[in-house]
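Written below as structure tokens is the structure these notes are about.
The values are calculated or read from the model by the stated rules, or taken from the named source; none is laboratory data. Quick caveat, the model's predicted, so the values are computed rather than measured. Here Cβ is always computed from backbone atoms with ideal geometry, including for glycine, and neighbour counts include all displayed protein chains. Ligands, DNA and RNA are stripped out before the accessible areas are found, and what is left, the full protein with its side chains, is counted by its heavy atoms. Shrake-Rupley method; radii C 1.70, N 1.55, O 1.52, S 1.80 Å.
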Amino acid sequence: MTEILSTPLDRAAESVGNIVLLEHYNCVIDDQRLATLFYVTAMGGTRDPYLFTGLDNMWVNFGRTQVHMPSRGHPPVAQRLRGTAGFVVPDLAAMAARLDFVRAEMARVAPERGHLFDYQVGLDAIELRCPWGNRIRCHAPSARFGRMELGLSYIEFDVPPGTAAGIGRFYEQVMKTPVRLAQQGVEVMAGVSQSLRFTETERPLPDYDGHHFLIYLADFSGPYQWLKDRGLITKDVDPHEWRLEWICDPEDGRRLFQVEHEVRSMRHPLFNRPLVNRNPAITNIDYRRGNEAFAGDF
Ligand SMILES: [Fe+2]
């Protein structure tokens, strides 16, 4: 016999769109010492122990997500997201306590080159600038971020006036993922609790410098065909990956915002690979065996 529930359940709230994971952003850097101080010592990430362990690239784990930082070019040119990367970290107070040390260390190890590292500790978030000027916002875990206690929750891009509605149409109609209106922009749902946000700003944007982010799609071929037919695929990398660079309005083809999307299928060998995450609170003084790994949810 079918049980009738007294309160209707919101089944739509449980649906996940076509973007199943926002996995990393990738910005070229020029000094791994500063990246280590920022992403590992300050933010509490964990350097990927398995891939790119040399000096030409470093991957830093945050839960199921990463930040990728290759060093390229002579001299290498650092890249910046045109927006803010939003992370969830398990303990904001513990992170705030590490920041003065990191500021002093940055000045000590790189006096000759300088850096843009800065931070502001707020009531419910810590705003940071990475050594190359990327804007990072760290939040404590809360219902707003689903179950995530450590990870890249969102990237919020600054976009030109008059583009957000078309960007929303692009992700909804072409990328086939839910979009909702946000303040001065749109929010594109990714995975069970992540998002890409596009917020209109009057401020002039810097030129696009080639950074990228990675999303995994459930329907990998549908968006591909639409983009291919319009000449918008910029790279056919391999059977599991393609790239696009321009977000276009599907209504009129207008190019709205440029940022490289690294797009992979869920059959890509790296999809959902287990990532090592440490407990950043542990020290040599209070070490307890078995307490080394991050124990929260991601
Ligand atoms: Fe990438």
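Of the residues contained in the range 174-191, one or more are found to be at pLDDT 95 or above and within 16 Å of the ligand (Cβ to nearest atom).
Considering the range 46-61, and only residues there that are closer than 19 Å to residue 151 by Cα and not in a loop (DSSP other than H, G, I, E, B), the residue that is nearest to the ligand (Cβ to nearest atom) turns out to be 59. On the basis of being assigned to a strand (DSSP E or B), open to solvent by less than 40 Å² (accessible area, probe 1.4 Å), free of Cβ contacts under 8 Å to residues at least 24 places away in the same chain and on the phi < 0 side of the Ramachandran plot, does residue 244 make the cut? Against the criterion (assigned to a strand (DSSP E or B), open to solvent by less than 40 Å² (accessible area, probe 1.4 Å), free of Cβ contacts under 8 Å to residues at least 24 places away in the same chain and on the phi < 0 side of the Ramachandran plot), residue 244 qualifies. Scanning for something within 16 Å of the ligand (Cβ to nearest atom), assigned to a loop (DSSP other than H, G, I, E, B) and more than 18 Å from the chain's Cα centre (by Cα), does the range 268-276 turn up at least one residue? Yes, the range 268-276 contains a residue that is within 16 Å of the ligand (Cβ to nearest atom), assigned to a loop (DSSP other than H, G, I, E, B) and more than 18 Å from the chain's Cα centre (by Cα).
Listed by position, the strands (runs of 3 or more DSSP E) contained in the range 152-222 that have at least 2 residues being free of Cβ contacts under 8 Å to residues at least 24 places away in the same chain and open to solvent by 50 Å² or more (accessible area, probe 1.4 Å) are 179-182. Please tell me if residue 7 is open to solvent by 40 Å² or more (accessible area, probe 1.4 Å) and either away from the ligand (no atom under 16 Å from the Cβ) or at pLDDT 95 or above (or both). For residue 7, the condition - open to solvent by 40 Å² or more (accessible area, probe 1.4 Å) and either away from the ligand (no atom under 16 Å from the Cβ) or at pLDDT 95 or above (or both) - is met. When 12, 42, 85, 35 are checked against the criterion of being away from the ligand (no atom under 16 Å from the Cβ) and open to solvent by less than 30 Å² (accessible area, probe 1.4 Å), 42 stands alone in meeting it. Given the structure, is residue 149 modelled with pLDDT of 95 or more, within 25 Å of residue 194 (Cα to Cα) and in contact with an Asp or Glu (Cβ under 6 Å, 6 or more places away or on another chain)? It is true that residue 149 is modelled with pLDDT of 95 or more, within 25 Å of residue 194 (Cα to Cα) and in contact with an Asp or Glu (Cβ under 6 Å, 6 or more places away or on another chain). Checking 65, 53 one by one, the residue that is under 16 Å from the mean Cα position of the chain (by Cα) and of a type in the set (Ser, Thr, Tyr) is 65 and no other.
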